[in-house]
Each structure stands twice: as structure tokens, then as C-alpha cells.
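Q: Before we start, here is the structure in question, set down as C-alpha cells.
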Amino acid sequence: MKLVNKFALGLAFSVGLVSCNEYESLDYEVEKPQTVIEQERIDSLEPLKAYIDRAANPGFKLGVALSLSQYTSKGLMYRLANSNFDEITLGYEMKHGAIVQANGTLNLANVTALLETASEAGTSVYGHTLAWHANQNATYLKSLIAPVVIPSTGGPSWDLVTAADFETDAAPNYQYNTNAVAGFTAQGQGAKGSGRALKITNTAVRANDWDVQLFVKFSPAVKVGEQYRLTLDVRSDVNASYGTQAHITAGSYKHWDFFGTVNSTPEWKTYTREIVVTTEMVTSGAIAFNLGKTATTFYFDNLKLEKLNPEGGSTIIEKTAEEKKVILTAALENWIKGMLEVSKPYVKAWDVVNEPMDDGKPMELKTAAGRESIPADHFFWQDYLGKDYALKAFQLARQYGNPTDIHFINDYNLEYSLDKCRGLIEYVKYLESKGAKIDGIGTQMHIDATSDKAKIEEMFKLLAATGKLIKVSELDMGLGGKVLTPQATPAQYAAQAEMYKWVIQKYMELVPAAQRYGITIWSPLDSPAGSGWRAGEPVGLWTEGQVRKPAYMGVVEGLKKK
């Protein structure tokens with residue numbers, strides 16, 4: 001029903017030269033704009049959590065993500081979170097990178113303040129996250145496994161520039177191009193029957209030998225007159241010969257010859273080549289092995305690049321893969337123990353393992369191997385602790401937390417890549433076969449109003465079939481593509497609201513009540529233009545100025561009892 005406003009207009013007129021002025025009131029009815037009516041309707045709604053059917057969803061928690069300062073300052077976001085949501089999740093401040101200091105100590109003062117503030121408000125806190133590759137104090141972790149350096153006693157020496165024994169999946173100094181099919185041998189199949197080796201398969205004879213390449217990266221770049229020595233163990237399934245090129249960086253060609261031509265056979269052999277850097281090689285910081293002319297599998301082990309130091313140099317002793325594993329396992333335990341001992345009086349649920357599965361190979365774990373660049377705060381625990389890094393994380397979380405804590409494994413794009421969803425489920429089965437107790441699976445769902453509904457339905461079905469608690473852990477929604485707030489239309493906002501409603505209803509429909517942990521809204525407000533997350537997109541339920549949007553209505557319609 002349309003509402004109207006009535007306005008009175010006085011009309012003065014003269015009825016004669018000696019008469020008094022008289023006024024006649026005229027009423028006009030003006031329709032209130034539809035946009036105003038709709039906004040008033042949205043503004044009249046109750047807080048979001050009021051619409052949860054608690055009888056049908058006794059364990060359900062409606063959550064929201066925000067920063068620690070937004071909550072502990074007790075400003076508008078504090079009030080918004082407490083009035084609309086059951087639970088809060090911090091985007092960053094409970095992660096390794098925010099807590100672990102340069103010397104390995106844990107600064108938990110801010111976490112303690114947060115938990116006290118939330119406890120006073122009666123709002124629960126969800127733990128995010130214990131074992132992840134991003135938002136880590138990677139500088140500290142790398143320092144733990146750095147080589148031991150023994151100062152020189154004088155005299156000429158070969159100083160180590162870079163090395164790789166391929167005993168872990170870490171690949172900070174090598175990569176390969178897209179035509180190379182890379183992997184590792186089984187343990188015991190490396191050179192001399194020890195450890196493992198890198199294997200690169202070229203599936204077909206290529207037009208150019210450089211169409212399949214392995215790159216070894218190093219720094220600083222070479223200079224004229226310097227002397228280098230390359231040593232590595234090689235073999236191939238058939239006899240093969242392949243050249244080496246000088247590259248400025250991996251893939252940036254400099255010179256056709258660098259460390260000569262390698263001849264390999266089905267038997268392991270050690271290849272050694274010393275060179276003096278020429279003008280054609282200068283500024284190069286990568287060796288390219290050109291493998292495209294022979295269709296076979298090539299094997300590499302114990303790679304070492306050294307530089308001659310005429311005046312002597314330090315002796316560098318690398319830690320073994322087993323030594324690194326022991327050191328990092330202790331570091332993981334110190335981190336999880338410290339975090340849980342402070343938070344367990346109030347935090348009862350955790351993302352123990354976050355984003356383990358690879359996007360390109362969704363049945364496998366993420367790895368640093370093959371990445372051209374790795375952010376400074378990335379550290380892949382699995383490259384050093386192996387596939388059981390998550391097993392250790394779950395065991396430690398159970399050891400140092402509460403016996404009844406709820407433990408999740410969480411990942412993104414499960415609704416986009418159903419194979420990744422299946423890969424995560426298979427990894428959960430593997431971890432449980434090794435003794436892990438995993439209570440739930442989190443699906444992040446950073447989606448758009450135009451996302452594929454059929455895939456979302458299938459994802460919910462796959463997850464529900466595990467019998468585990470299912471949490472929509474980081475729900476936010478763009479308008480489709482890269483639509484920014486200034487370009488958004490009413491029709492797009494309506495579609496966004498409808499999609500929020502549909503996703504929540506499908507979750508309620510396809511996930512049994514006993515398995516519904518809850519849904520967390522990751523971006524309650526539209527994202528500012530300078531944000532590091534979906535910058536400038538209207539992804540929220542509120543505007544940046546905390547005005548409710550049609551998306552708020554969509555969440556209400558999804559939550560409330562039909």
C-alpha cells in the first residue's frame with residue numbers, strides 16, 4: 001500500500017478594497033518515492049539473528065567477520081556485531097603472522113583483550129586459524145631452518161650459491177614451464193638409491209628444445225670473469241642430451257649456452273661443469289635446462305651451484321630435511337599451544353587447518369613448488385612436514401584445547417570447483433584414517449550474484465553427505481564480474497539480495513539440522529576502494545556508512561521460518 005504525505009497551502013486573496021483577507025486551505029497528496037518506501041521497509045526489520053528459527057536450528061550460529069580494533073573499540077561495528085550476530089571471527093589478528101614475534105615469542109595481549117570484551121557482551125568468538133600457508137611470520141620460520149654458517153679460515157674456496165636435494169616439496173630456487181610435467185620419485189629412488197629426486201616428463205618431441213624447461217634460480221646475478229661450478233646427479237629413462245641456457249630471470253632468455261650440454265642415461269651419473277662468466281652471460285640469474293627434444297622422463301638430484309672465492313669464504317652447512325621437520329614441528333606446537341592456552345576458556349570452535357587444497361591440482365595439497373613468486377608472509381608447512389602437517393595440527397589442537405572443542409578444516413572455491421570439494425573430502429578421509437578427529441568442514445563462498453546455482457547445490461550435497469558439521473565460513477557476494485559500488489544498479493542489488501536468500505535457504509534445505517554449524521558473513525559492509533579485499537565492490541549487507549541494503553532483506557528472508 002502506498003503512503004502519501006499531505007501538504008497544506010494557504011492561499012491569500014483580496015475580496016474588495018475594504019474587506020479583510022481570508023485564507024483557504026488546499027490539500028495536495030504526493031506519493032512517497034518507491035525507493036524511500038523500500039528503504040523504510042528494510043530499516044524496520046529486526047536484527048538479523050532475531051529471524052533464526054532456534055527450535056529448528058538449535059546449534060546454528062550467525063557469525064560476522066571484523067577486525068579486532070573494530071570490536072574492542074566498542075564503536076558502531078561493535079554494536080552492529082552484537083545486535084545482529086551470535087559469533088565474531090577476526091580476519092587477521094588471531095593468525096600466526098599477527099601473534100608470533102621475530103624471536104618466536106607470542107604476543108597475545110590483543111587476543112586477551114578481545115576475548116574479555118566479547119565475553120562481557122555475550123558474543124562467542126570463532127578461532128581463525130591455526131595452520132595455514134598465508135599470514136605467517138615466514139621470516140621467523142625460515143630463520144629456524146636456515147643453514148649453519150662457519151666463518152672462513154682463509155684461502156680460496158667454493159662458496160655455495162644455491163642447492164636443492166628435492167627431499168621436500170619446497171621449491172624456492174627452481175621452477176618449470178607449462179609443458180613440463182613435474183613430480184618426485186618415491187623415497188629411495190634418488191641418486192645412489194637414497195632419498196628422492198625431481199622428475200620432469202616431456203610427453204612429446206617438441207619443435208624447439210626450449211619448449212620444455214627446468215629453471216634453477218639464484219642471486220646475485222653473474223658478472224664477467226666470475227667462476228662458477230655446477231654439480232648435479234642426472235638420469236633419464238632413455239639416453240638424452242640437453243643444453244643449458246643463461247636467463248636473466250626464469251623465462252627471460254639471455255644466452256644460448258651457460259653450463260654446457262648434459263648427457264644422461266638410464267643410470268645415475270654426476271654432471272659437473274665449471275665456467276668463467278663471459279660478456280654474453282652477464283646479469284643472468286637463472287639456468288634453463290632445455291628438455292624438449294626427447295620425449296622421456298628426466299631425473300635430477302643433489303643440485304649444487306658454487307662460486308669460486310679466491311680469498312676464501314664461509315662454510316655453509318644445510319640442515320637435512322629431517323632436521324627441518326623436527327624444528328618446524330616444534331614451532332607449530334609452540335604456536336598452537338600458546339594460542340589455545342590463552343583462548344580456550346572462551347573459544348570453543350576453530351579453523352584448525354585452512355585452505356590446504358591446490359587449485360590447479362584439487363586432489364593434492366598446495367605447495368610452494370613451481371610458483372614464480374611467493375609473498376613474504378607465505379610459508380607452506382606441508383612442504384617441510386609433508387602431507388601429515390594437518391594431522392599434527394589437529395592432534396595439537398585437541399591436546400592443548402578443550403576436549404569438546406569443534407574442529408574444522410576450511411577451504412575456498414568449493415562451489416566453483418567441485419573437484420576441489422571432492423579433494424578436500426578425500427583429504428579429510430585420509431587424515432581421519434591416520435587418527436585425526438575432524439568435526440566439520442567449512443566452505444568459504446566468496447561468490448557473486450551470478451554464481452552457478454547448480455554447482456552450489458551439488459557442493460552442499462557433497463558436504464552434507466560427509467555427515468560432518470557444515471559451516472558457510474566466509475560468505476560474501478559481489479554483483480557479478482567486477483562491478484564497483486558507483487556503477488551498481490537497483491536491479492543488481494535486487495539480484496544480490498535474492499542470491500543471499502537462495503544460498504541460505506539451500507543451506508537450510510540440503511544440510512540436515514544436526515549438521516548446521518552456521519553461516520558467517522565475511523564482509524558486513526561494502527568494501528572500500530582502498531581495501532585489500534574485493535576493493536570497491538558492494539559486497540556487504542550494509543553500505544560503508546552502515547545503511548542497510550536490499551542484501552540485508554535477502555538474509556532475513558533466507559533465515560526466517562517459511
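Q: Kindly list, by first and then second residue, each pair from a residue in the stretch 260-282 that is within 16 Å of Thr294 (Cβ to Cβ) and in the same structural domain as Gly190 (by TED's automatic domain parsing) to a residue that is exposed (fewer than 14 other Cβ atoms within 10 Å of the Cβ) and among the aliphatic types (A, V, I, L, M), limited to pairs with Cβ atoms under 8 Å and residues at least 6 apart or on different chains.
A: Final answer for the pair search is Pro266/Val238.
Q: Which of the following residues is buried (at least 16 other Cβ atoms within 10 Å of the Cβ) and either without any contact (Cβ under 8 Å) to a residue 60 or more places away in the chain or assigned to a helix (DSSP H, G or I) (or both): Leu305, Leu332? Before the answer, list the steps.
A: On the way: Leu305 fails: either without any contact (Cβ under 8 Å) to a residue 60 or more places away in the chain or assigned to a helix (DSSP H, G or I) (or both).
Exactly one residue qualifies, and that residue is Leu332.
Q: Tell me which of these Leu90 doesn't satisfy, since it passes every other one: (1) under 30 Å from Met445 (Cβ atoms); (2) modelled with pLDDT under 95; (3) not aromatic (Phe, Trp, Tyr).
A: That leaves (2) as the condition not met.
Q: Same structure again: Just one of the numbered conditions (1) more than 26 Å from Ala551 (Cα to Cα); (2) touching a Lys or Arg at 6+ places or on another chain (Cβ under 8 Å); (3) part of a helix (DSSP H, G or I) is not true of Lys437; which one?
A: Of the numbered conditions (1) more than 26 Å from Ala551 (Cα to Cα); (2) touching a Lys or Arg at 6+ places or on another chain (Cβ under 8 Å); (3) part of a helix (DSSP H, G or I), the odd one out for Lys437 is (3).
Q: If we keep just the residues of the stretch 104-117 that are free of Cβ contacts under 8 Å to residues at least 60 places away in the same chain and within 25 Å of the chain's Cα centre (by Cα), which is surrounded by the most Cβ atoms within 10 Å (Cβ to Cβ)?
A: Here is the first cut: in the stretch 104-117, the ones free of Cβ contacts under 8 Å to residues at least 60 places away in the same chain are 105, 107, 109-110, 113-114, 116-117.
If we keep only those that are within 25 Å of the chain's Cα centre (by Cα) as well, we get 105, 107, 110, 114.
On the way: Thr105: 12, Asn107: 11, Asn110: 16, Leu114: 23.
Step by step, filter the stretch 104-117, then rank; the result is Leu114.
Q: Name the pairs whose Cβ atoms lie under 9 Å apart, with the first residue in the stretch 490-508 and touching a residue at least 24 places away in the same chain (Cβ under 8 Å) and farther than 15 Å from Val539 by Cα, the second in a helix (DSSP H, G or I) and of a type in the set (Asp, Glu), and 6 or more positions between them or separate chains?
A: Pairs that qualify, where the first residue is touching a residue at least 24 places away in the same chain (Cβ under 8 Å) and farther than 15 Å from Val539 by Cα and the partner is in a helix (DSSP H, G or I) and of a type in the set (Asp, Glu), are Ile504/Glu557; Gln505/Glu557; Lys506/Glu457.
Q: Determine if the stretch 308-321 includes at least one residue that is in a helix (DSSP H, G or I), over 17 Å from Arg229 (Cα atoms) and either touching a residue at least 12 places away in the same chain (Cβ under 8 Å) or aliphatic (A, V, I, L, M) (or both). Before the answer, list the steps.
A: Start the filter on the stretch 308-321 by keeping residues that are in a helix (DSSP H, G or I), which leaves 321.
Of the ones still in play, those that are also over 17 Å from Arg229 (Cα atoms) are 321.
Those still in the list that are either touching a residue at least 12 places away in the same chain (Cβ under 8 Å) or aliphatic (A, V, I, L, M) (or both) too: 321.
Within the stretch 308-321 (the criterion being in a helix (DSSP H, G or I), over 17 Å from Arg229 (Cα atoms) and either touching a residue at least 12 places away in the same chain (Cβ under 8 Å) or aliphatic (A, V, I, L, M) (or both)), the answer is yes, since at least one residue qualifies.
Q: Right, here's the next one. Could you check, for the stretch 481-491, whether at least one of its residues is on the phi > 0 side of the Ramachandran plot, assigned to a loop (DSSP other than H, G, I, E, B) and loosely packed, with under 13 Cβ neighbours inside 10 Å?
A: Yes, because at least one residue in the stretch 481-491 is on the phi > 0 side of the Ramachandran plot, assigned to a loop (DSSP other than H, G, I, E, B) and loosely packed, with under 13 Cβ neighbours inside 10 Å.
Q: Just name the residue that is nearest to Gln444 (Cα to Cα) out of those in the stretch 334-384 that are at pLDDT 95 or above, in contact with an Asp or Glu (Cβ under 7 Å, 6 or more places away or on another chain) and among the charged types (D, E, K, R).
A: Checking each candidate, the answer is Glu355.
Q: Closer than 27 Å to Val100 by Cα, in contact (Cβ under 8 Å) with a residue 60 or more places away in the chain and either in contact with a helix residue (DSSP H, G or I) (Cβ under 9 Å, 6 or more places away or on another chain) or surrounded by fewer than 20 Cβ atoms within 10 Å (Cβ to Cβ) (or both): which single residue out of Tyr299, Tyr346 fits that description?
A: On the way: Tyr299 fails: closer than 27 Å to Val100 by Cα.
None of the other options fit; the residue is Tyr346.
Q: Looking only at the stretch 194-243, count how many residues are β-branched (Val, Ile, Thr) and within 29 Å of the chain's Cα centre (by Cα).
A: 2
The values are calculated or read from the model by the stated rules, or taken from the named source; none is laboratory data. Remember, it's a predicted structure, so these values are computed and weren't measured experimentally. Here the Cβ is made from the backbone with ideal geometry for all residues, glycine too, and neighbour counts use every protein chain on show.
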